[in-house]
1. Go through the range 7-37 and report how many residues are of a type in the set (Ser, Thr, Tyr) and under 19 Å from residue 61 (Cβ atoms).
2. Can you tell which of 14, 43 is surrounded by fewer than 10 Cβ atoms within 10 Å (Cβ to Cβ) and either among the hydroxyl-bearing types (Ser, Thr, Tyr) or at pLDDT below 80 (or both)?
3. Taking the condition assigned to a loop (DSSP other than H, G, I, E, B) and either within 19 Å of residue 16 (Cβ to Cβ) or at pLDDT 85 or above (or both), does residue 73 pass?
Amino acid sequence: MISKKLFKPSVKEDLNRPYNVTLTEGQISTILYIMEGYLQGCDDYNSVAYQSEDDTFSKDCDKIFFELEGVVDAYYDKVSEAQSKHPQAEWED
């Protein structure tokens, strides 16, 4: 039997520490879909407290949407720009 050791982090927890992660477009879509469904029925998000400047939950949710939607939009903008630089052949419509 293997005994488990208690994990003791050597670095202080920082909930504002950014991480770079690699997600597929499908994974991003899933995260946004689940969040949107959750938030539609969430009293915290839809309440007057959501309107408050101090509401960390709503700010975190909004930032996640902004970041995830932004990275997908930026990808498609980049692809569209690259495609516009290539002339279309006369025989293609």
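1. Residues meeting the conditions: 4.
2. 43
3. Details: assigned to a loop (DSSP other than H, G, I, E, B): no; either within 19 Å of residue 16 (Cβ to Cβ) or at pLDDT 85 or above (or both): yes.
No.
One line per residue, one yes/no per condition, for (1) in a helix (DSSP H, G or I); (2) modelled with pLDDT of 90 or more; (3) touching a strand residue (DSSP E or B) at 6+ places or on another chain (Cβ under 9 Å); (4) exposed (fewer than 11 other Cβ atoms within 10 Å of the Cβ):
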residue	(1), (2), (3), (4)
4	no, no, no, yes
9	no, no, no, yes
21	no, yes, no, yes
26	yes, yes, no, yes
50	yes, no, no, no
53	no, no, no, yes
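The values are calculated or read from the model by the stated rules, or taken from the named source; none is laboratory data. These numbers come from a predicted model, not from an experiment. Counting neighbours? That spans all protein chains shown, and the Cβs are built from the backbone with ideal geometry, glycine included.
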